[in-house]
1. In the range C:226-250, which residues are closer than 13 Å to C:Leu205 by Cβ, of a type in the set (A, V, I, L, M, F, W, C) and surrounded by 15 or more Cβ atoms within 10 Å (Cβ to Cβ)?
2. Any residue that is buried (at least 19 other Cβ atoms within 10 Å of the Cβ), in contact (Cβ under 8 Å) with a residue 40 or more places away in the chain, of a type outside the set (Val, Ile, Thr) and in a strand (DSSP E or B) - is there at least one of those in the range C:79-98?
3. Residue check: is A:Arg207 within 7 Å of another protein chain (Cβ to nearest Cβ) and outside any loop (DSSP other than H, G, I, E, B)?
4. What helices (runs of 4 or more DSSP H) lie completely within the range A:23-136 and have 3 or more residues being of a type outside the set (A, V, I, L, M, F, W, C), within 13 Å of chain B (Cβ to nearest Cβ) and touching a residue at least 12 places away in the same chain (Cβ under 8 Å)?
5. Could you pull out the residue among B:Thr126, B:Thr175, B:Thr122 that is under 26 Å from A:Phe68 (Cα atoms), open to solvent by 10 Å² or more (accessible area, probe 1.4 Å) and in contact with a Ser or Thr (Cβ under 8 Å, 6 or more places away or on another chain)?
6. In the range C:277-284, is there at least one residue being touching a residue at least 40 places away in the same chain (Cβ under 8 Å) and not small (Gly, Ala, Ser)?
7. With C:Glu171, C:Glu194, C:Glu145, C:Glu137 as the choices, which residue is at pLDDT 95 or above and over 28 Å from C:Pro39 (Cα atoms)?
8. Restricting the range C:125-155 to residues that are among the acidic types (Asp, Glu) and away from chain A (no Cβ under 14 Å), which is farthest from C:Leu208 (Cα to Cα)?
Amino acid sequence: MRSLSLYVKRDSLIHKIDPFTKIIYVFVSVISPFILPTLIFSTSLTLINLLFLLLGRVVKKVLPIISFVFIIILTIFIIQGMFYDANQTELFSLFNLNFYVEGILYAARISVRAINVLLAFSLLILTTPPTEMIESLVRRGMPAKLGYIMHSVLQIIPMMSSNASIIMDAQRARGMETEGSLWVRIKAFIPLIGPLVMSSLVNTHERSIALEVRGFSAATQKTFLHQEKVPGGMKQLRIFFLLFLAAVLAWRLVL
Amino acid sequence: MQNNQKKNLWSFNFSTMALVLIPVSIGINYVGKLFAQTLRLPLWLDSIGTILAGILAGPWVGAISGGINNAIYGLTISPVSFAYGITSIAIGITAGVMARMGFVKSMKRAVIMGLVIAGISTVVSTPINIIFWGGQTGNIWGDALFGILRSANWPVWLASGLDELAVDLPDKIATTIIAFIIYQGLPKRITVLFEES
Amino acid sequence: MKKITINNLSYKYSLAENKALNNISLEVEKGDFIGVVGPNKAGKSTLCKSLVGLIPHFYKGEFEGEILIDNLNTLNSSIAELSLKVGLVFQNPFNQISGAKLSVYDELAFGLENNGLGREEMITRIDKYLNLMDLNEVKDNNPFELSGGQMQKLAIASIMALKPDVFVLDEPTSQLDPQGTEEVFKAVSRLREENLTVILVSQKLNKLADYANKILFLNQGEIAAYDNTAAVFSRNDLEQMGMGAPIYTEIARELGLKNEKNQYPIRKSELKEMLVAKYGKNIG
Ligand SMILES: Nc1ncnc2c1ncn2[C@@H]1O[C@H](COP(=O)(O)OP(=O)(O)OP(=O)(O)O)[C@@H](O)[C@H]1O
Ligand SMILES: [Mg+2]
């Protein structure tokens, strides 16, 4: 059983950067185009993210993530192109439908920004093992119990979904109808999910006990088995990112 | 480099039962969505766990379940769901508050709770839809409605709100009913452990 | 030396009608290995939960009396503090895995990290108990991928790593297959070698006869018997009390074979010795 993660193990410069620095980078890269919503700015940030993804040798893995939002971006162009409030200048006309420059530009702005968000997060997710990411936050003051929750989610989701498919097969073998009319399929939902949910909720009781007797609620400051590896120069890099964010803010306020 | 002297930025005092419930509730959200997809139901059914967390352990635990649910989705499946974390948080809080007000005592009340959750979810999601997608939801039927309303010159917020509501109303009512049925089926000696803490 | 003192302990769960434990008083000496037996709902698990402080800190409900571990009153110490003195392992191996760690090795660190141990110390302890519990080959595996027996040994090792002086095991083999059961009992014998004070709830009377120097028989929340193993199993009213005895004791009882202390043998070796003494070598 795997832990839920999109992490791709590679030997790259990006992979060597510690999780916390990457988290700061993602934060800055994601938030900036919302502060300064110009098309050129978000496009440049998007290109930078693309470059880093190339450096991290994970560009191919981004495609499925991007294709996920492709349809919605397409419809944004169609709907905004036709119906955006400020639409004035006609760009072209297709089967009697008029598309306008303002709407298309607006669609471009939100689409590029959305893609930028996706790429920035992908960069973090594809090049950082989730457990290291969580631990790095716990070391910096995130409550250890919050860390526990996140670690646990990453394990529980693959486990429950594999149990789900076992249940699905078992119920089908017993003759439960999972195909057919909508009503038939709706009726199948509770018997499928019920037992799985019940048992996992009942198990919370014993799991809590097990954690308690291993000092989960101890008042002592928690320690870590694994040491954190932070390459040199990361502090400066983090400061640089934050300064960049400050500059963006300042620019926005001055404009 | 060991950084173990730092104090927690904010206190995080929940009972262990509640903490263990949170990942489980997120797992439940996930399998709900999974089964809904496999059965090709026209609903998401992806917040059963968050609503259960609210019912069982109160609004704050519901909120955390919702927030972390979307954070984890965002980090592992689709970054977009980060933005909708606020919606999930609102759903968890609403479920928790309404459960404490006695809305999980009967099926009738649970349906009302579902209605309220759908309303709140719509109100919270619409601004996000507008900021992020110019008002769309990504659901074909809802977006078709959005397109029609926009072509008839309805304001964005109203068209977008109705787009979202068209998706949320059936989904959140069904989700709440399912959560209610499961809650009713749980042994009392387990639920009391959540309440005591 | 007294390790555990229980004075007039009574407990009723929140939603229960009857007391799960009713006015229990007993003492356990350091190094004792107590076998706890009794029918369903006798209160065995409740006693275990009380010893580690889960009652009254985790389960609310009505708690009376006191439990002293050395001189530490469980009422006044947190479960976490107690976890360094009294360890608990229970039936379901799966539910005892923290769920936060991806390898057996890291899983062993869970309790140690919570208790703020230094890195060096953690590594020393983890290596020691991995070896002791024969878990070295699986140390990089995901804990959820272990067999039931291995999982249960991992649970035991995780608790041992906290170095408690008292080890409570609540039916640790009841959900395991025969092979898993064997593995876990081997692990339990290691506990005895470490000279811990052990409280073991089990229905496997033959095994208890091998390990336990005393038997505590609970029934309906009360102590029905608490004495040396051979003394308890030699009682004539066992059947009325709804309790069995180890197989060798039953055979000896059938044959009317008692030793000089007027007790039946409880182990195979003892029975064999007595048979040889009585009937001569060629019978064995
Ligand atoms: N969480 C709980 N809430 C309410 N009552 C409980 C709870 N746990 C146990 N009880 C009750 O307390 C009594 C003692 O139960 P306990 O689990 O201690 O028995 P046991 O000897 O361990 O039995 P078994 O052999 O079934 O494990 C029983 O009547 C049981 O129903
Ligand atoms: Mg029991």
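The values are calculated or read from the model by the stated rules, or taken from the named source; none is laboratory data. Because the structure is a prediction, the values reported are computed rather than measured. Every residue, glycine among them, receives a Cβ derived from its backbone with ideal geometry; neighbour counts consider all protein chains shown. SASA here: full protein model, heavy atoms, side chains in, ligands and nucleic acids out. Shrake-Rupley method; radii C 1.70, N 1.55, O 1.52, S 1.80 Å.
1. C:Ala230, C:Val232, C:Phe233, C:Leu238, C:Met243, C:Ala245
2. Yes, the range C:79-98 contains at least one residue that is buried (at least 19 other Cβ atoms within 10 Å of the Cβ), in contact (Cβ under 8 Å) with a residue 40 or more places away in the chain, of a type outside the set (Val, Ile, Thr) and in a strand (DSSP E or B).
3. Values: within 7 Å of another protein chain (Cβ to nearest Cβ): yes; outside any loop (DSSP other than H, G, I, E, B): yes.
Against the criterion (within 7 Å of another protein chain (Cβ to nearest Cβ) and outside any loop (DSSP other than H, G, I, E, B)), A:Arg207 qualifies.
4. On the way: elements: A:39-55, A:59-83, A:101-127.
Answer list for the range A:23-136: A:59-83, A:101-127.
5. Details: B:Thr175 fails: open to solvent by 10 Å² or more (accessible area, probe 1.4 Å); B:Thr122 fails: in contact with a Ser or Thr (Cβ under 8 Å, 6 or more places away or on another chain).
Among B:Thr126, B:Thr175, B:Thr122, only B:Thr126 is under 26 Å from A:Phe68 (Cα atoms), open to solvent by 10 Å² or more (accessible area, probe 1.4 Å) and in contact with a Ser or Thr (Cβ under 8 Å, 6 or more places away or on another chain).
6. Filtering the range C:277-284 down to residues touching a residue at least 40 places away in the same chain (Cβ under 8 Å) leaves none.
Checking the range C:277-284: not a single residue is touching a residue at least 40 places away in the same chain (Cβ under 8 Å) and not small (Gly, Ala, Ser).
7. Of C:Glu171, C:Glu194, C:Glu145, C:Glu137, the one residue that is at pLDDT 95 or above and over 28 Å from C:Pro39 (Cα atoms) is C:Glu137.
8. Filtering first and then ranking leaves C:Glu137.
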